[in-house]
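First comes the structure, then the notes that go with it.
The values are calculated or read from the model by the stated rules, or taken from the named source; none is laboratory data. The shown structure was predicted, so the numbers you read here are calculated from the model rather than taken from an experiment. Cβ: placed from backbone, ideal geometry, glycine included. Neighbour counts: every protein chain shown. Ligands, DNA and RNA are stripped out before the accessible areas are found, and what is left, the full protein with its side chains, is counted by its heavy atoms. Shrake-Rupley method; radii C 1.70, N 1.55, O 1.52, S 1.80 Å.
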Amino acid sequence: MPTFQQRTRAICASAGALILCAGLSACGSDDHCDGCVRPTQGYAGSISGLPAGASVLLQDNVGSNTTVSANGNFSFATYAPPGYPVLVGVLVQPPGNDCAVATGGVNPTGIVSVTLRCTPLAAGVTSLISDYAGMLSQGSAQGTGTAASFNNPNAIAADTAGNIYVADSGNNAIRQIAPGGIVSTLAGTAGAAGSANGTGAAALFNNPSGVATDSSGNVYVADTNNQTIRKVTPAGVVSTVAGSPGVLGSTDATGSAASFRYPNGLASDSSGNLYVADTGNNTIRKITPAGVVSTLAGTPGVAGFADGTGAAASFNGPAAVALDTLGNLYVADYYNNTIRKVSAAGVVSTIAGSAPFWGAVDDTGSAARFNGPQALVVDAVGNVYVADTNNDTVRKITPAGVVSTVIGVPGLAVFDAGILPGALQPSYGLALFGSSLYISTNNGVALVTNVP
């Protein structure tokens, strides 16, 4: 089974002077493109309300950037290929301000109109989304904030000191973000895939997709394409907890005798047990501190949607797991578009969504709809936050099963900082530290303060 990858949005193809748009009419060179996607060359617009000496950094949904440092007119080019449906958002804005961007139509020459207005934040507004690290470009640079770069980051996890750990999948590395957005590499070497144990850059990973932390500061990694679960100490010493590199299977055993099939999500409890979303096997696995692997729920090789106990339950591409304070395990059941709950006894129930239906409906329990949920995290009072990846949103599920959208707008796939809901590119990991929610998205990590 293929591992989860960052989503690529559809691109229309060009043919001669026409832009052929799937499901839409074709645009001629003099067409104003009502009902069609035109080739885009760049943006032109105006900004007002920007404080003197301040600047705002804009980015579109293909990574084209520009900094605007004065009120008035501005323009910039885009990397978007002909026919790509472009959007513009605010990546970084002046502290204490909210800069709202509005994107207009495309003129006959392929220029998108953009209007930007900055206003002081109203008193008491503290729930905001901002760029915490990365996002300016793809890469492997260390640094602070936008000076750092990532390559398709997936799952993230927080430790007790507020450090954020990132499964930087495309770089085959585990990155650390210290408070203040300071990024370094804990283990692995960018661009080098492998399975070697060792310290720091001497250790190698192969598409690491899941991370979890314990109270001692250790980081556990679902090393997806190696079919293993790894451990990284605070000093960066990497060892293999369970599984054997390159060996696919579903064997319950101890250490290297156990096998997995494209493990993705990880969670750890206070007793040192690990829980694994064994995606390719459609199962939830448990690893004791002694390395003993067992199957908690689901049946290897059986994809389905059934509640029940142990092997009687079924999943379809479980992508992530998270624990609450009572020891219940929550599962982002990706292809079922549902959020499942697994008790300590292995009893599986569905708390929100209903397979095979997908959508972006806010409602209660089975009446709610998701679209490819790929990450989740649980707060201290039992609210579950879900990265609803293909909806470009973060959703919240209360203990009563009430689902709401707290961050992003369904289908608006561009990062836009400021007052919530803001906007998100597809998100692949979530972590909580206090009242702050961290999101891996847009080749970086976003921060939501005082998440509702």
* **Condition broken by residue 291, with the remaining ones in (1) under 27 Å from the mean Cα position of the chain (by Cα); (2) crowded, with 16+ Cβ neighbours inside 10 Å satisfied** => (1)
* Looking at 191, 143, which is the one that is farther than 20 Å from residue 237 by Cβ, at pLDDT below 95 and more than 15 Å from the chain's Cα centre (by Cα)? -> 191
* Asked: Any idea how many residues of the range 144-154 are over 18 Å from residue 89 (Cβ atoms) and open to solvent by 20 Å² or more (accessible area, probe 1.4 Å)?
  -> 4
* So which of 279, 283, 350, 338 is of a type in the set (Ser, Thr, Tyr), at pLDDT 95 or above and open to solvent by 10 Å² or more (accessible area, probe 1.4 Å)? -> 350
* **Matching residues in the range 407-420 - criterion: being without any contact (Cβ under 8 Å) to a residue 60 or more places away in the chain and open to solvent by 30 Å² or more (accessible area, probe 1.4 Å)** => 409, 410, 411
* Structure fact -> Listed by first then second residue, the pairs whose first member lies in the range 170-192 and is under 13 Å from residue 144 (Cβ atoms), whose partner is assigned to a loop (DSSP other than H, G, I, E, B) and of a type outside the set (Lys, Arg), with beta carbons under 6 Å and at least 6 positions apart or on separate chains, are 176/163; 178/163; 179/162; 183/142; 183/148; 184/142
* Asked: Quick one: in the range 74-105, which of the residues that are closer than 16 Å to residue 54 by Cα and not in a strand (DSSP E or B) is least open to solvent (accessible area, probe 1.4 Å)?
  -> 94
* Scanning for something within 24 Å of residue 446 (Cβ to Cβ), open to solvent by 20 Å² or more (accessible area, probe 1.4 Å) and assigned to a loop (DSSP other than H, G, I, E, B), does the range 106-121 turn up at least one residue? -> yes
* To do: For the range 33-60, name all the residues that are under 28 Å from the mean Cα position of the chain (by Cα) and either part of a strand (DSSP E or B) or modelled with pLDDT under 90 (or both).
  => 37, 40, 42, 43, 56, 57, 58, 59, 60
* Would the range 238-259 turn up any residue that is in contact with an Asp or Glu (Cβ under 6 Å, 6 or more places away or on another chain) and modelled with pLDDT of 95 or more? -> no
* Asked: For residues in the range 431-451 being assigned to a loop (DSSP other than H, G, I, E, B) and on the phi < 0 side of the Ramachandran plot, which is least open to solvent (accessible area, probe 1.4 Å)?
  -> 451
* Quick one: count up the residues across the range 192-226 that are open to solvent by 20 Å² or more (accessible area, probe 1.4 Å), closer than 15 Å to residue 322 by Cα and not β-branched (Val, Ile, Thr). => 2
* Structure fact -> Filtering the range 61-73 for residues that are outside any strand (DSSP E or B), under 21 Å from residue 144 (Cα atoms) and open to solvent by 10 Å² or more (accessible area, probe 1.4 Å) leaves a count of 1
* Under the condition of being under 21 Å from residue 374 (Cβ atoms) and polar (S, T, N, Q), which residue from the range 229-268 is surrounded by the fewest Cβ atoms within 10 Å (Cβ to Cβ)? -> 268
* Asked: Under 9 Å by Cβ, and 6 or more places apart or on different chains, what pairs join a residue from the range 316-334 that is closer than 11 Å to residue 373 by Cα with one that is surrounded by fewer than 24 Cβ atoms within 10 Å (Cβ to Cβ) and among the β-branched types (Val, Ile, Thr)?
  -> 333/350
* Asked: Between a first residue in the range 89-103 that is within 13 Å of residue 66 (Cβ to Cβ) and a second residue that is acidic (Asp, Glu), which pairs have beta carbons less than 9 Å apart while being 6 or more apart in sequence or on different chains?
  -> 89/60; 89/416; 90/98; 90/416; 91/131; 91/416; 92/131; 101/416
* To do: Scan the range 159-179 residue by residue and report those that are crowded, with 21+ Cβ neighbours inside 10 Å and in a strand (DSSP E or B).
  => 164, 165, 166, 167, 168, 173, 174, 175, 177
* Residue list for the range 368-386, filter: outside any loop (DSSP other than H, G, I, E, B), of a type outside the set (Gly, Ala, Ser) and under 22 Å from residue 327 (Cβ atoms) -> 373, 376, 377, 378, 384, 385, 386
* Return the pairs, sorted by first residue and then second, in which the second residue is surrounded by 24 or more Cβ atoms within 10 Å (Cβ to Cβ) and part of a loop (DSSP other than H, G, I, E, B), the first residue lies in the range 381-394 and is among the acidic types (Asp, Glu), the beta carbons are less than 6 Å apart, and the residues are 6+ apart or on different chains. => 388/370; 392/408
